[in-house]
Amino acid sequence: MRKFYIVLISTFCLGCQTTVKTAYGIKKPRLETQASIKKYLVKNKVDTSHVYVLKDLSAFVTASSKNLLSIPDAVFFNKNGNLVRYKKETEDCNAKVDDFIAEIGNFSALPEDPNIKMDELLGMLYGKPISAKADVNVFITWTVYAGRLNKTKAFEWIKLMEKAKANGIKANWYLLNCDYQKSWNLPPQAIEKLGIKD
């Protein structure tokens with residue numbers, strides 16, 4: 001009888017995961033290019049002038065090991081270039097990004113983490129150089145394969161950041177695409193292991 005419940009719970013959990021993936025249009029990842037990423041953003045009426053991608057698989061692994069690549073998510077840095085965490089606990093999810101941006105007026109008073117620097121992240125990215133840091137700098141992580149999650153999370157956060165800027169907050173936002181890139185020249189074994197669709 002116990003085995004029956006384990007199978008039932010496992011089926012239910014997998015079913016929910018499948019349902020969530022289907023509901024949000026989440027697909028298997030593909031190898032993307034800057035052109036395919038831009039095309040996706042244009043189709044979704046998103047500004048393409050602030051888009052960054054990870055340089056290579058090594059940069060992807062490093063950023064991931066520093067917990068900078070949850071998808072979708074927002075990574076905040078202050079004008080000193082130090083990380084400012086919106087999550088109170090490591091278990092917190094990205095649901096708090098909306099509230100954090102809405103209350104961004106007291107951003108400068110929040111504790112910073114000098115161990116993770118914006119310049120370090122920028123060193124892992126490919127895109128236009130950033131000339132100056134604003135009071136608030138946010139990298140919004142997203143992927144093409146995340147489907148409608150981009151619209152309900154990442155792209156909504158852009159609107160909230162634009163609203164904050166309109167209210168006088170000195171802020172910059174950047175889209176950090178976390179898709180696997182064709183330019184990384186991943187070997188076939190890695191493509192298979194990462195579950196990348198041909």
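The charge dipole of segment 93-198, taken about its Cα centre with unit charges on the Cβ atoms of Lys, Arg (+1), Asp and Glu (-1) only, comes to about 360 debye. Mean projected area of the convex hull spanned by the Cα atoms of segment 30-193, taken over all viewing directions: 9.6 nm².
Spin-label pair Lys193-Ile130: with each label point 7 Å from Cα along the Cα-Cβ axis, the two points sit 3.1 nm from one another. Gain on full extension, evaluated as 0.36 nm per residue between Ala166 and Asn115 minus their Cα-Cα distance, stands at 15.3 nm. Between Ser108 and Leu57, the modelled label-to-label distance comes to 4.5 nm, taking each label 7 Å out from Cα in the direction of the beta carbon.
Every number in this text was worked out from the coordinates using simple rules, so none of it is lab data. This structure is a prediction, so every number in the text was calculated from the model and none was measured. Cβ atoms come from the backbone with ideal geometry, glycine included; neighbour counts cover every protein chain shown.
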